[in-house]
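To start, the structure itself, in structure tokens.
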Amino acid sequence: MKTRRLLIGVAAVGLALSLAACSGGRASTTTSSASSNNKGALVGVAMPTKVSERWIKDGDAVKSDLEKLGYKVDLEYADNKIPQQVLQVSNMITKGAKILIVASIDGGSLSDQLDTAAKAGIKVISYDRLLTGDKNVDYYVSFDNYKVGVDQANSLLTGLGVLDAAGKPTGKKGPFNVELFAGSADDNNATFFFNGAMDTLKKYIDDGTIVIKSGQTGFTQVATQQWDPATAKARMQNLVAKSYSDGSNVNGVLSPYDGLSIGIISALQGAGYGSATKPLPIITGQDAEAASVKSIIAGQQYSTVYKDTRKLADKAAEMANDILTGKTPQVNDTKSYDNKVKVVPTFLFQPTVVTKDNYKKVLLDSGYYTEADLK
Ligand code: GAL
């Protein structure tokens with residue numbers, strides 16, 4: 001096996017040299033050797049789970065984009081199990097993938113694989129979630145995760161009537177009882193979302209407009225391991241039982257992800273929320289998953305943050321194609337995403353808040369969903 005790889009390597013170098021000779025040895029010859037060597041190359045795409053609809057959309061879109069560009073694709077889902085993802089990425093390397101596109105479960109769990117990949121000359125694109133603790137992460141493509149948190153907090157404030165539709169303070173002072181949820185601590189995005197939201201809510205908490213009745217305001221207190229809806233549901237049930245048994249109501253919930261919002265709504269409905277006298281609180285979300293958009297249309301969840309997975313997928317495929325054809329991928333952020341070892345060159349897209357008022361324009365007119373998808 002080793003000898004074979006060595007021979008292929010020698011042949012590749014030979015080809016590169018002869019191409020260099022033909023074109024007079026200009027730097028651009030790397031490009032032609034890269035493109036000819038990598039035609040039809042295998043790209044490994046590792047996704048975390050199929051439980052959440054968004055990752056299915058992501059995986060399908062990345063795969064079809066890459067196949068249109070002539071590449072072979074090994075697309076794997078890891079059922080939210082870290083050892084399974086570790087094995088899948090190892091297998092992609094063994095199968096000879098030239099690029100890895102990885103949406104991790106635990107951003108810090110793939111270091112051995114990243115090191116092996118680097119030694120084999122395989123480039124790594126971190127997809128939506130940053131791979132942390134290793135220098136062998138070449139590019140990152142995501143949405144502006146801090147801004148997602150800011151958007152979630154602002155929509156919570158708008159839903160409560162503290163801000164108007166234009167984002168201006170209305171002078172309404174509440175006090176409003178709010179509970180906070182964050183994502184999985186092993187996902188780098190979760191702290192970005194939480195920090196963006198808390199930086200935005202801080203002054204309203206400080207002046208008493210917003211009251212976190214449970215007193216649980218620290219990230220580790222409010223984090224939800226593996227973004228698990230059942231965990232969020234159990235925590236919401238607990239909060240209601242412990243902090244609202246005096247007859248007071250929850251008026252708002254900061255939820256960072258649609259799946260959690262569904263668990264939170266279910267807990268609240270179980271505790272009697274959802275009637276005219278005891279309405280559901282203002283609840284945020286993220287990902288514009290079909291079930292949650294339906295919930296928004298039905299007047300349960302208040303908002304979600306839409307991140308067009310098609311754009312993310314197109315960019316990841318474009319980055320892979322650039323690398324494989326010897327071009328430098330385009331990035332637009334070279335300072336925000338420090339993975340604890342290096343700042344990873346990043347391409348960020350901007351998120352969009354979706355409520356009942358704009359879902360048709362944002363989600364239907366753009367073709368992200370059809371009307372039938374949301375029935
Ligand atoms: C995050 C991602 C969110 C959401 C969440 C749960 O990493 O950025 O959009 O999907 O995971 O899957």
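Suppose the filter is among the β-branched types (Val, Ile, Thr), touching a strand residue (DSSP E or B) at 6+ places or on another chain (Cβ under 9 Å) and in a helix (DSSP H, G or I); does Val148 pass it?
It is true that Val148 is among the β-branched types (Val, Ile, Thr), touching a strand residue (DSSP E or B) at 6+ places or on another chain (Cβ under 9 Å) and in a helix (DSSP H, G or I).
Test of understanding: among Tyr273, Tyr302, which residue is out of contact with any His (no Cβ under 9 Å at 6 or more places or on another chain), open to solvent by 30 Å² or more (accessible area, probe 1.4 Å) and among the aromatic types (Phe, Trp, Tyr)?
Tyr302
Just to be sure I understand the filter: pairs with C-beta atoms under 7 Å, separated by 6 or more residues or on different chains, first member in the range 46-70 and over 18 Å from Trp227 (Cα atoms), second member within 13 Å of the ligand (Cβ to nearest atom) and open to solvent by 10 Å² or more (accessible area, probe 1.4 Å). Which pairs pass?
Gly59/Tyr77
Among residues belonging to the range 147-157 that are touching a residue at least 60 places away in the same chain (Cβ under 8 Å) and open to solvent by 20 Å² or more (accessible area, probe 1.4 Å), point out the one that is nearest to the ligand (Cβ to nearest atom).
Within the range 147-157, the match that is nearest to the ligand (Cβ to nearest atom) is Lys147.
Confirm whether Asp106 is over 18 Å from Tyr140 (Cβ atoms) and within 16 Å of the ligand (Cβ to nearest atom).
no
Does Ala46 count as at pLDDT 85 or above, among the small types (Gly, Ala, Ser), assigned to a strand (DSSP E or B) and under 30 Å from Ile262 (Cβ atoms)?
Here the answer is yes, as Ala46 does meet what is asked.
Pull out all pairs, ordered by first then second residue, where Cβ-Cβ is under 8 Å, the residues are six or more apart or on different chains, the first lies in the range 256-270 and is within 8 Å of the ligand (Cβ to nearest atom), and the second is modelled with pLDDT under 95 and open to solvent by 30 Å² or more (accessible area, probe 1.4 Å).
Close Cβ pairs (under 8 Å, with a partner that is modelled with pLDDT under 95 and open to solvent by 30 Å² or more (accessible area, probe 1.4 Å)) amount to Gly259/Val51.
Report those helices (runs of 4 or more DSSP H) wholly inside the range 183-248 carrying at least 3 residues which are within 16 Å of the ligand (Cβ to nearest atom).
188-206, 229-243
Looking only at residues that are within 13 Å of the ligand (Cβ to nearest atom) and open to solvent by 10 Å² or more (accessible area, probe 1.4 Å) in the range 115-146, which one is farthest from Asn38 (Cα to Cα)?
Result: Tyr146.
Keeping to the range 158-170, report how many residues are open to solvent by 50 Å² or more (accessible area, probe 1.4 Å) and in a loop (DSSP other than H, G, I, E, B).
Adding up the residues that qualify gives 5.
Scan the range 118-141 and give yes if some residue there is in a helix (DSSP H, G or I), more than 30 Å from Gly252 (Cβ to Cβ) and in the same structural domain as Ala41 (by TED's automatic domain parsing), otherwise no.
yes
The values are calculated or read from the model by the stated rules, or taken from the named source; none is laboratory data. Everything numeric in this text was worked out from a predicted model, so none of it was measured. We place every Cβ from the backbone using ideal geometry, glycine too, and count neighbours over all the protein chains shown. For the accessible areas, the whole protein counts, side chains as well, though only heavy atoms, and no ligand, DNA or RNA atoms are used. Shrake-Rupley method; radii C 1.70, N 1.55, O 1.52, S 1.80 Å.
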